[in-house]
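Notes for the one structure printed next.
Each value in this text was obtained by applying a stated rule to the coordinates, not by laboratory testing. The structure presented is a predicted model; accordingly, all values stated were derived computationally and were not measured. Glycine gets a Cβ as well: all are built from the backbone with ideal geometry, and neighbour counts include every protein chain shown.
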Amino acid sequence: MTTSSLNSATTRPLWWEGLDGELGGRDPLRTDLDVDVVIVGAGYTGLWTAYELALADPALRIAVLERAHVGFGASGRNGGWCYDGFAGGLGRLEKMADLDTTRAFAAALRETVDVVGKVVADEGIACDFHKGGSIEFLRNEGQRIRAEDDVAEARRYGWTEDELRLLSPAEAREVGNSPHLHGGLWSAHTAAIQPIKLALGLAAAAERRGVQIFEHTAVTAIAPGRVTTAAGATVAAPVVVRATEGYTAEIPGHHRRLAPLYSIMLATEPLPEALWNDIGLADRQTFGDLRHLVIYGQRTADGRVAFGGRGAPYDYGSHIRTNADFPAATFHPVREALVEVFPQLADVAITHRWGGVLGVARSWLPTVGLDRTTGIGWAGGYVGSGVAATNLAGRTLADLITGKTTLRTRFPWVDVRTRNWEPEPFRWLGINAALKVMTSADAAEQRTGTPARRADAMWWLAKH
């Protein structure tokens with residue numbers, strides 16, 4: 001995996017290849033519009049909300065406004081893990097509710113992966129959905145000890161042995177031939193997908209049910225009952241949904257609501273079958289390890305490795321790199337992490353490198369809600385774990401907007417108001433310091449074989 005191939009790799013996301021005719025072909029909004037619900041953002045949150053609303057009440061007039069094209073943001077750039085994870089941890093939700101409610105929420109997360117799979121099948125969405133599970137390779141004793149804690153917590157919230165369990169080193173190598181293993185953490189509730197194809201398929205399914213989607217329509221203001229666009233057209237609606245995730249900081253009045261952080265990804269050339277026979281992942285299991293600075297990968301349907309990680313710097317003032325246009329050197333740690341997990345890939349060419357912006361609330365918890373006084377709804381702050389959670393958020397918003405009281409509307413992430421991020425320079429100092437601590441914690445765990453408590457302390461500070 002040479003540096004030269006990384007330098008020459010295209011910066012266009014792998015997932016967008018061959019889809020030029022499907023990206024950005026919808027008309028912009030040119031005239032004022034009057035609807036029942038207007039949704040700002042045509043990523044997963046906005047699309048799932050529109051789709052579920054159209055199912056719940058076919059009479060609703062629903063419009064979705066998108067500045068670029070469907071799936072332009074994180075929904076078309078992510079690692080393709082549709083899984084039952086929840087950013088921020090279920091333990092914090094239990095403190096906000098009770099054990100039974102948190103267990104019900106955890107069960108809903110597990111079920112959501114299959115809910116997405118059913119919609120994909122029912123709507124004929126060709127997004128390479130395959131539920132092969134996931135494995136976190138445990139590459140030192142510190143990771144193994146933390147994995148034991150993760151399993152114990154999961155048991156508290158209802159995950160069974162069949163759904164989540166520890167693997168021995170030998171069992172882990174049967175899934176993927178990674179060296180120097182201390183075990184593995186296996187999860188059944190994970191599907192690999194082609195991310196932007198899911199977004200495009202959802203958009204088409206929503207449109208078949210009467211939803212209007214306008215692309216190339218930048219929103220300059222969100223207010224009760226009204227959305228204003230850069231071209232001067234306005235949309236009047238009693239319900240306005242903000243579904244802008246990492247780009248929320250660019251909306252006036254929301255600058256400190258969500259901090260825009262980045263994940264960056266690369267993709268290899270298609271691998272020969274002999275190499276895949278050595279690596280494994282025969283059931284397209286997604287994979288990573290349990291380092292603090294998250295990494296994640298999948299075996300794509302066309303036989304590549306798509307692999308990503310966190311760690312790209314936060315830009316001062318919540319400045320957003322629209323295309324996450326980081327130089328090639330920023331991707332070197334991700335490439336090195338991939339080779340650590342699978343040394344067999346050391347000489348394989350990198351064909352694509354790209355990034356995407358994700359949204360992080362000051363609490364590090366995703367939230368969903370509807371202010372009935374103003375009619376403004378929202379969902380977001382998934383911290384990169386939104387492929388499945390956006391579906392649950394969309395169904396919850398549909399319940400809230402149509403006035404239904406359901407188990408979903410009583411979950412502890414509903415109507416939570418979190419404080420804004422600190423003003424600069426404190427935001428820049430704190431976020432980038434956290435990234436450095438995660439890196440040093442991973443190095444310490446690899447060196448000492450014991451959990452790095454500095455990471456636990458940093459996350460405690462970040463969430464309080």
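For the chain, the relative contact order is 25 percent, taking Cα pairs closer than 8 Å that sit 6 or more residues apart in sequence and dividing their mean separation by the residue count.
Would segment 409-451 count as rounded, prolate or oblate if I go by the C-alpha gyration tensor, calling it rounded below 1.5 in a/c and otherwise prolate when a/b exceeds b/c, oblate otherwise? Oblate, because a/c is 1.5 or more while a/b does not exceed b/c. In percent, rounded to a whole number, the relative contact order of segment 259-354 is 42, using alpha-carbon pairs under 8 Å and six or more apart. With respect to the chain, whose longest principal axis is taken over its alpha-carbon atoms, helix 453-462 is tilted by about 10°. Using only Cα atoms, tell me the angle between helix 141-156 and the longest principal axis of the chain; keep it within 0 to 90° and round to the nearest 10. For helix 141-156, the angle is close to 50 degrees. Report summary: the helix-based calculation at 222 nm, which adds -39500 (n - 2.57) for every DSSP H run with n ≥ 4 and divides by the residues of the chain, gives -10000 deg cm²/dmol. Measuring from centroid to centroid over Cα atoms, what is the spacing of segment 354-387 and segment 416-435 in Å? If we compute the Cα centre of each part, the gap is 16 Å. Here His254 and Thr405 are evaluated by their C-beta separation; at R0 = 41 Å the FRET efficiency comes out at 0.90. May I ask what percent, to the nearest 5, of DSSP beta bridges between residues of the chain are antiparallel? Bridges in the chain that DSSP calls antiparallel: roughly 70 percent.
Label zone (Asn420, point 7 Å along Cα-to-C-beta; backbone nitrogen cut-off 15 Å) within segment 191-233: 222. Just tell me which lysines come within less than 24 Å, Cα to Cα, of Lys436; anything on the same chain fewer than 8 places away is out. Of all the lysines, those that pass the test against Lys436 - Cα under 24 Å, at least 8 places apart if same chain - are Lys463. Straight-distance candidates among the aspartates and glutamates for linking to Lys118, with alpha-carbon spacing under 16 Å and chain neighbours fewer than 8 residues away dropped: Glu52, Asp84, Asp128.
Pairwise Cα separations in segment 119-172 fall into 10 Å bins from 0 onward with the following percentages, short to long: 20, 39, 23, 17, 2. Between the C-alpha center of segment 222-292 and that of segment 161-207 there is a gap of 19 Å.
Helix 99-123 and the long axis of the chain differ in direction by around 80°, with both axes built from C-alpha atoms. Count Lys and Arg as plus one, Asp and Glu as minus one, and take only other residues whose Cβ is under 12 Å from that of Gly80; the net charge is then +4.
Going from the residue with the fewest nearby Cβ atoms within 10 Å to the one with the most, Arg335, Arg417, Arg291 rank Arg417, Arg335, Arg291. Within the chain, the percentage of alpha carbon pairs spaced more than 41 angstrom apart rounds to 13%. Under the rule a/c < 1.5 gives rounded, and otherwise a/b versus b/c splits prolate from oblate, where does segment 130-226 land using the Cα gyration tensor? Since a/c reaches 1.5 and a/b is larger than b/c, the shape of segment 130-226 is classed as prolate.
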